[in-house]
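Visitor: Next up is a structure, given as C-alpha cells.
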Amino acid sequence: MNYGYFDDQNREYVITNPKAPVKWINYVGTLAFGGFVDHTGGALICKGDPALNRITKYIPQLPDSDFKGATLYLRFKQGNGYKVFSPYSVPTLDPYDLYECHVGLGYTRIVSEFYGIRTDVTIFVPVRDSRLIRDIKITNLSDQPMEIDVIPVVEYTHPDALKQFTNADWVPQTMQSRVYGDEKGLKILIQYPFMYRETRINYFTSNHPVSSFESDRKRFLGESGYGSWANPLSLQEAELSNYEALRGDNIAALLHHLGEIQPGETRRIITQLGQEESVEKALPLIRKYRDEESVDEALRNLARFWDDYLSKMQVETPDPSMNHMLNVHNPRQCYTTKNWSRYLSLYQPGLGARGMGFRDTSQDVMGIITHIPEEGKDLIRKLLHIRKRDGSAMHQFNPLTMVANEGDSREVEGAPRYYGDDHLWIVLAITAYLKEAGEIAFLDEVIPYYEKDEAGNPIESGTVHDHMERAIKFTRHNVGTHGLPLLGFADWNDTVNLKPGAESLIVANLYGRALLEMIELARYLEDTESVEGYTAYYEEMKRRVNEHAWDGEWYVRYLDVDGTPLGSRSNTEGQIYANGQSWPVISGFATPERAAKALDSVYRRLNTRKGIRLSTPGYKGFDPRKGGVTTYPPGAKENGGIFLHTNPWVIIAETIVGHGERAFEYYSQINPAAKNDRINEFECEPYVYPQNILGDEHPQFGLARNSWLTGTASWIYQAATQYILGIMPTYEGLQIDPCIPGKWDGFKVTRVFRDAVYQIEVKNRDHVCKGVKSVKVDGQEIKGKIVPIFGDGKTHRVEVIMGEEVEKR
Ligand code: GLC
C-alpha cells in the first residue's frame, strides 16, 4: 500500500491520497520565520522561536480530520445557500476527483479537483523573508460559467505557545483584531495580544478586494460556536460580519468574490500571513508581494537557493533509493534539523519545555557543513555562547533570548545538572567546519562563556580553541572510580538516568573521538606539544576502556556507581547496546579483534530486517533506578526500539573495519524511500528518516514515529557520503576512500569543495569493498588518496580506481 510516489524530475514527493495514516508534513522558511505545512494544508508558523513567538494555533493531538492552523474554503451557490468545501480536503472532507500534495523543496503545492473546480495552491516562505505566501489558482473545469467565492482562514495562538493552553482567562482577554483598509478594497486584518499592539502585529492580507471579513472564531463557526470547521454556518450567509475581535479566539477569514469564471478560465489570488512591528512597516513588502510577478520571482529564487544548496554534492550510485535520498531528501532533512533542531514538529511541539539542544544542534551542524558552511559556523558560535567556563555545556537554549537551561536534569532532585556528553559534540562540529571551509582563523575568534555577572555581562571569554580545550579538560577531570567519564544526568541516551557516580562508555569513546580530532588539528597546526599531550590522554582512556568495559563478546554501555555493568551478558534486560559497540570503533579504542567481535555481536543480537535495535532485551517494567528508558514498553524508543540515530554509527564503524556489504545492508534496510510500498506498516513520510521504529519485541514492529527532527538525518548523510562513498574533507584536501558493496561497478559524485568542483568517478573493476589502487586528477596520477585543494573556481576530473591498496596509509 502506498500514498504517493517520488517525482525525481521535479525533486518532489507527490501524495495522492489525503488519508495518509498520519499527517505528512513539509517545512517552509526557517526558524527566523516559518514552520511546517501538513499535507492537508494545515500550518504551524512561528517567528524566531516556536515557544515564544508562535503565530498559528496548530494542535497535533486533534483528529486528522480537524482544522489545524489554516485552511482555505471555496464556495458556490447551491439552492438557497452555498456549497462550501475545502480544496485541501480537510476539514470539509468532500469527495474529490483529484488530490495531489506535492512536497517540494521549501514549498508545498496542493492541486485538487472538486465539483468541477481545479485549485492549485503553492504554499511557501520567500528566501530570507518573513511571510507565508499562498499562491492560489482557481480554474473552472466545467462547461458552465461559475461564480466562486474564496475564503482563506487562519487561526491565531497567543505568541507564548504554552500559555495558550495553560491560561484560558488571560489569553482570551488579551487577544484582539483590527482591520486596516487599504486602497482599492484591499484589506489587512491585523491581530495582536494587547500588550504587543504597538510593537508586534500579525497580519493576514490578500491581493484581491475583500468584501467582508471575520476575526472571531465563534462568529465564524456560527450559533454561539456550535457550528463546525467542517460546516461554518457564517459561510451560508452572503457576507461575513466584519467583526473586529476585542477578545476571544482570534481568526482571520477574508471573503473574496471572484465573480463569474468562464469555462477553462483561471483566476489567481495571493494571500500573505506575516508579522511586523506595525502595519506601516509591513506595507512596502505587503505591496510587493501582492504583485504576481514578485511571487513568481520569489518562487524562482527559492528554486535557485535549493539548486545551489544541492549542487554541493550530487551522486550517481547503482542504487536508486540511495540516489533519491542523497540528492534531494536527506540534505533537505539536514537543512530542516539545522533550522529547528528538535524544536518544532508534529511530535516535538515546541511548547516551551525544550528549545534548541546543545548536543542535537552540534550534530545537526555536521549535516549541513558541506552545503552551507557559513551557516554552520554561525550555529557553532551560538552554541559556544552557552558553554560554561568549566568546559561543560548548558543542555538547551531559546534561540530568541539565548537563555539556556539544564534540560530534564532540573526535574530530578539531587541529580547532576549536566549531561556527560553535550560539550564534546561541538569539538566534532568545529573540526568539521575547519576541514570543510579551511578557515583556521576561526579558532582565534573570542566567544564569551555562558556565566554572567549581576549586570548580565559575561564573566569570562575564550577563543574557539580555548572552548575546545576546556571541553576535553572537563571530561578528563570528571571521571568515576574506573577512570571512565561520569555519566552526569544522562549521556546521548537521555533516558538512562543512573545514580550520581555512574560512568558512561559512550562519553569515553566520544572523548576518544574528540581527542583524535584535537590531535589531527594540532598536527596540522604543527603544535607538537599538544599532539603529545592529547595522545597521552587518548592512550590512557583507551587502556581504561579496554580494561573495564570489555564483556567477552562486546563492550558494556555503563558502569553503575557500585560498578555493576549495564549492557552486559550478566544483565537479564538491556544486555547489549548498539552504541556500546559502534563507538569504540569510531574512537579507535577497540583493537581490531574486539572491533570485529563487537560488530558481529551487533549483527547477531541487535539487527532486524527493519533496522538495528538500540539495545536488547527491553526492560519489562518501570524501574526508577534506571530512569526514563523503563517508561516505554519493550521495543519502543530507547527501550529496545529501532532508534535510528544510532544506525549510521554502526554503518560508519562497519566501513572503518572495511565491511562494505554489511554497511550497505544496514544503510538500505532503513532507507525510507524503500518503504514507499509498505506505508501501512511504516505510516510516516517515506521521504524523511523518522527518529524511531518499533522493534520486534513490540506487536507493531515496523511502525515509525517522530519523523523529520532527528540526529539520524545528519549522521546517515555523513555515513553515506563520507564513509560509504568515502568522500571526506580533510585539512589537506578531499580524501576519497570508499567502502561499498563489492558488486558495485563504481559510482560518480560531483562535490564542491573549497571553491572548486571535483567531478569524481570511482571505478571498481576488481569488485572490492574497500581499497584505492590509484587516483588520477585531471589525467595525472597523484600519490595517496587525498585530492589537493584547488580553490580556483574550476572543475577538476578525479578518477579513482579501487582495488588492492598498493601503499597502505
Ligand atoms: C532524542 C534527543 C537526543 C538524544 C536521543 C536519545 O532524539 O533529541 O538528544 O540523544 O533522543 O535519547
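Visitor: Can you name the number of the only condition in (1) closer than 19 Å to ILE716 by Cα; (2) in contact with a strand residue (DSSP E or B) (Cβ under 8 Å, 6 or more places away or on another chain) that TYR632 fails?
Guide: Only one criterion is unmet by TYR632, namely (1).
Visitor: Moving on. Residue check: is LYS288 among the basic types (Lys, Arg), modelled with pLDDT of 95 or more and either closer than 30 Å to ASN167 by Cβ or surrounded by 20 or more Cβ atoms within 10 Å (Cβ to Cβ) (or both)?
Guide: Working: among the basic types (Lys, Arg): yes; modelled with pLDDT of 95 or more: yes; either closer than 30 Å to ASN167 by Cβ or surrounded by 20 or more Cβ atoms within 10 Å (Cβ to Cβ) (or both): no.
So LYS288 fails the test.
Visitor: Now, a different point. It is to be established whether one or more residues within segment 485-493 are within 16 Å of the ligand (Cβ to nearest atom), touching a Ser or Thr at 6+ places or on another chain (Cβ under 8 Å) and among the aliphatic types (A, V, I, L, M).
Guide: yes
Visitor: Could you say whether any residue in segment 379-397 is under 18 Å from the mean Cα position of the chain (by Cα), within 19 Å of TYR309 (Cα to Cα) and open to solvent by 10 Å² or more (accessible area, probe 1.4 Å)?
Guide: Yes: segment 379-397 contains one or more residues that are under 18 Å from the mean Cα position of the chain (by Cα), within 19 Å of TYR309 (Cα to Cα) and open to solvent by 10 Å² or more (accessible area, probe 1.4 Å).
Visitor: May I pose another question? Exactly one of (1) of a type in the set (Ser, Thr, Tyr); (2) more than 17 Å from TRP340 (Cα to Cα); (3) surrounded by 19 or more Cβ atoms within 10 Å (Cβ to Cβ) is unmet by TYR96. Its number?
Guide: Condition (3) is where TYR96 drops out.
Visitor: Follow-up. Look at TYR731 and say whether it is part of a helix (DSSP H, G or I), aromatic (Phe, Trp, Tyr) and away from the ligand (no atom under 16 Å from the Cβ). So that I can check it myself, show each step before the final result.
Guide: Numbers: part of a helix (DSSP H, G or I): no; aromatic (Phe, Trp, Tyr): yes; away from the ligand (no atom under 16 Å from the Cβ): yes.
For TYR731, the condition - part of a helix (DSSP H, G or I), aromatic (Phe, Trp, Tyr) and away from the ligand (no atom under 16 Å from the Cβ) - is not met.
Visitor: Restricting to segment 686-716, count the residues that are within 16 Å of the ligand (Cβ to nearest atom), among the aromatic types (Phe, Trp, Tyr) and part of a loop (DSSP other than H, G, I, E, B).
Guide: First, the residues of segment 686-716 that are within 16 Å of the ligand (Cβ to nearest atom): 688-695, 704-716.
Narrowing the set further to residues that are among the aromatic types (Phe, Trp, Tyr) leaves 689, 708, 715.
Right, trim to part of a loop (DSSP other than H, G, I, E, B) and you get 689, 708.
Residues that pass the stated criteria total 2.
Visitor: For segment 783-809, how many residues are part of a strand (DSSP E or B), open to solvent by 40 Å² or more (accessible area, probe 1.4 Å) and not charged (D, E, K, R)? Break it down into steps so the answer makes sense when it comes.
Guide: Filtering segment 783-809 down to residues part of a strand (DSSP E or B) leaves 786-788, 795-802.
After this cut, where a residue has to be open to solvent by 40 Å² or more (accessible area, probe 1.4 Å) as well, the list is 786, 788, 795, 797, 799.
So of that shortlist, the ones also not charged (D, E, K, R) come out as 786, 788, 795.
Looking only at that region, the number is 3.
Visitor: Residues to consider are ASN2, ASN53; find the one that is over 16 Å from PRO152 (Cβ atoms) and surrounded by fewer than 17 Cβ atoms within 10 Å (Cβ to Cβ).
Guide: Details: ASN53 fails: surrounded by fewer than 17 Cβ atoms within 10 Å (Cβ to Cβ).
Checking each option against the conditions leaves just ASN2.
Visitor: In segment 661-685, how many are without any contact (Cβ under 8 Å) to a residue 60 or more places away in the chain and within 16 Å of the ligand (Cβ to nearest atom)?
Guide: Of the residues in segment 661-685, 0 are without any contact (Cβ under 8 Å) to a residue 60 or more places away in the chain and within 16 Å of the ligand (Cβ to nearest atom).
Visitor: Now, a different point. Checking TYR511 against (1) in a loop (DSSP other than H, G, I, E, B); (2) farther than 16 Å from VAL556 by Cβ, only one condition comes out false. Which one?
Guide: The number of the failed condition is (1).
Visitor: Tally time: how many residues in segment 324-351 are away from the ligand (no atom under 16 Å from the Cβ) and modelled with pLDDT under 95? Step through it out loud before you land on a result.
Guide: Pass one, segment 324-351, residues away from the ligand (no atom under 16 Å from the Cβ): 324-332, 335.
Those still in the list that are modelled with pLDDT under 95 too: 324.
Number of matching residues: 1.
Visitor: Further question: When you look at SER321, is it more than 15 Å from ALA713 (Cα to Cα) and either outside any helix (DSSP H, G or I) or out of contact with any Pro (no Cβ under 7 Å at 6 or more places or on another chain) (or both), yes or no? I'd like the intermediate steps shown before the answer.
Guide: Numbers: more than 15 Å from ALA713 (Cα to Cα): yes; either outside any helix (DSSP H, G or I) or out of contact with any Pro (no Cβ under 7 Å at 6 or more places or on another chain) (or both): yes.
When the stated conditions are applied, SER321 passes them.
Visitor: For segment 750-764, indicate whether the set of residues that are within 30 Å of ASP792 (Cβ to Cβ), open to solvent by less than 10 Å² (accessible area, probe 1.4 Å) and either within 16 Å of the ligand (Cβ to nearest atom) or without any contact (Cβ under 8 Å) to a residue 40 or more places away in the chain (or both) is non-empty.
Guide: yes
Visitor: Which residue, of THR630, THR591, THR646, THR655, is more than 26 Å from the chain's Cα centre (by Cα), closer than 28 Å to ARG543 by Cα and not small (Gly, Ala, Ser)?
Guide: Values: THR630 fails: closer than 28 Å to ARG543 by Cα; THR646 fails: more than 26 Å from the chain's Cα centre (by Cα); THR655 fails: more than 26 Å from the chain's Cα centre (by Cα).
Answer to the check: THR591.
Visitor: Pairs under 8 Å by beta carbon, first residue under 15 Å from LEU52 (Cβ atoms) in segment 146-166, partner part of a strand (DSSP E or B) and charged (D, E, K, R), six or more apart or different chains?
Guide: Here the result reads THR157/ARG54; HIS158/ARG54; PRO159/ARG54; ASP160/ARG54; ALA161/ARG54; GLN164/ARG54, each pair linking segment 146-166 to a residue that is part of a strand (DSSP E or B) and charged (D, E, K, R).
Visitor: Filter segment 607-655 down to the residues that are among the hydrophobic types (A, V, I, L, M, F, W, C) and more than 16 Å from the ligand (Cβ to nearest atom) and list them by number.
Guide: In the first step, residues of segment 607-655 are kept if they are among the hydrophobic types (A, V, I, L, M, F, W, C); the result is 612, 614, 622, 629, 636, 642-644, 649-653.
Scanning segment 607-655 gives PHE622, ILE651, ILE652, ALA653.
Visitor: Those residues that are surrounded by fewer than 24 Cβ atoms within 10 Å (Cβ to Cβ) and part of a loop (DSSP other than H, G, I, E, B), I need them from segment 19-46; list them, please.
Guide: Hits for segment 19-46 are LYS19, ALA20, PRO21, VAL22, LYS23, LEU31, ALA32.
Visitor: Could we say that GLY658 is more than 14 Å from the ligand (Cβ to nearest atom), assigned to a loop (DSSP other than H, G, I, E, B) and farther than 30 Å from SER409 by Cβ here?
Guide: On the way: more than 14 Å from the ligand (Cβ to nearest atom): yes; assigned to a loop (DSSP other than H, G, I, E, B): yes; farther than 30 Å from SER409 by Cβ: yes.
Here the answer is yes, as GLY658 does meet what is asked.
Visitor: Then there's this: Does GLU520 fit the bill of being open to solvent by 40 Å² or more (accessible area, probe 1.4 Å), at positive phi and out of contact with any strand residue (DSSP E or B) (no Cβ under 9 Å at 6 or more places or on another chain)? Even if it seems obvious, please write down each step before you answer.
Guide: Working: open to solvent by 40 Å² or more (accessible area, probe 1.4 Å): yes; at positive phi: no; out of contact with any strand residue (DSSP E or B) (no Cβ under 9 Å at 6 or more places or on another chain): yes.
No; evaluated as a whole, the condition is false for this residue.
Visitor: Being more than 16 Å from the ligand (Cβ to nearest atom) and among the hydroxyl-bearing types (Ser, Thr, Tyr) is the filter here, so list the residues in segment 494-522 that pass it.
Guide: Within segment 494-522, TYR511 is the sole residue that qualifies.
Visitor: For segment 528-569, enumerate the residues that are assigned to a loop (DSSP other than H, G, I, E, B) and either exposed (fewer than 15 other Cβ atoms within 10 Å of the Cβ) or on the phi > 0 side of the Ramachandran plot (or both).
Guide: The initial filter retains those residues of segment 528-569 that are assigned to a loop (DSSP other than H, G, I, E, B), namely 549, 551-554, 556-557, 560-564, 567-569.
Once the filter is applied, which keeps residues that are assigned to a loop (DSSP other than H, G, I, E, B) and either exposed (fewer than 15 other Cβ atoms within 10 Å of the Cβ) or on the phi > 0 side of the Ramachandran plot (or both), segment 528-569 yields GLY552, ASP562, GLY563, THR564, GLY567.
Visitor: Right, here's the next one. Out of segment 99-136, which residues are aliphatic (A, V, I, L, M) and open to solvent by 20 Å² or more (accessible area, probe 1.4 Å)?
Guide: Looking only at segment 99-136, we keep the residues that are aliphatic (A, V, I, L, M), and these are 103, 105, 110-111, 117, 121, 123, 125, 127, 132-133, 136.
Within segment 99-136, just VAL127 meets the criteria.
This table checks each residue for (1) in contact with a Pro (Cβ under 6 Å, 6 or more places away or on another chain); (2) over 19 Å from ASN647 (Cβ atoms); (3) hydroxyl-bearing (Ser, Thr, Tyr).
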position	(1), (2), (3)
ILE716	yes, no, no
THR721	no, no, yes
ILE727	no, yes, no
TRP744	yes, yes, no
GLU761	no, yes, no
VAL775	no, yes, no
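The values are calculated or read from the model by the stated rules, or taken from the named source; none is laboratory data. Nothing here was measured: the structure is a model prediction, and the numbers come from that model. Every residue, glycine as well, gets a Cβ built from its backbone with ideal geometry; the counts of neighbours run over all protein chains shown. Areas reflect the complete protein model, heavy atoms only, side chains present, ligands, DNA and RNA absent. Shrake-Rupley method; radii C 1.70, N 1.55, O 1.52, S 1.80 Å.
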